[in-house]
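A short reminder: the numbers here are calculations on the coordinates, not readings from a lab. Worth saying up front: this structure is predicted, and the values here are computed from it rather than measured. When we count neighbours, we look across all protein chains shown, and the Cβ atoms used for this are built from the backbone with ideal geometry, even at glycine.
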Amino acid sequence: MVVPRPELHWYEKLYLPSILGGLSITGRYFFKTLFSLLSFDRQKRVTQYYPEEKWTLPEGYRGAPVLVKDEEGREKCVSCQLCEFVCPPKAIRIVPGEIAANSPHAQIEKAPQSFEIDMLRCIYCGMCQEVCPEEAIWLQQGYLFNGYTRKEMVHTKEKLYEMGGQMQRPIKKWKNK
Ligand code: SF4
Ligand code: SF4
């Protein structure tokens, strides 16, 4: 299919109107920002004194993915690896494990032996949350992560559970126990 290219008028070929239009928008925002910085009225300011001032995140904001436990503190993840498979940038690495034979829940399901999310790769897309059959992985509101090394930016299973905490949801792998 050939998409027809519209003919430019002579004044469009000068590019001058477009340049002036762009400069006028830049100038408008320059003065708006300048006056807002001088303003003591917080409502009028367009800048924010981050990190002292934090955003008010909208409901449904998707921050970092975390793992959650159920209301009794049991792991919901069954290490099915669906999230690892679907993750577009391959940020998730799971080593499936077994629940110890002497555990009262040993016969129910698997649990991850290790579960890592590389936050330098994660694009916060939410696909892992969408596919999880156990509602074990969620994108929560946290977005503030930093570290001095790449290794520090890889969230381990312990850290993911620490960030996720407990969550009461209808899907429970333990319901037959
Ligand atoms: S939010 Fe997206 S990129 Fe991040 S771990 Fe989940 S699937 Fe991967
Ligand atoms: S978090 Fe969900 S999708 Fe990922 S391995 Fe665990 S149960 Fe499967």
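Values for this structure:
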read-out: Dipole magnitude (debye, nearest 20) for the range 55-177, charges at Cβ of Lys, Arg, Asp, Glu; value: 140 debye
read-out: For the chain, with +1 on Lys and Arg beta carbons and -1 on Asp and Glu, the positive-most of Met119, His9, Gly21 along the dipole; value: His9
read-out: Between helix 16-38 and the chain: long-axis angle, C-alpha atoms, 0 to 90°, nearest 10; value: 70 degrees
read-out: Violating pairs (Cα-Cα greater than 18 angstrom) within the set Lys32/Lys54; Lys90/Lys151; Lys76/Lys159; Lys76/Lys157; value: Lys32/Lys54
read-out: Cysteines (scope the chain) whose Cβ has no counterpart Cys Cβ under 4.7 Å; value: Cys77, Cys80, Cys87, Cys122, Cys125, Cys132
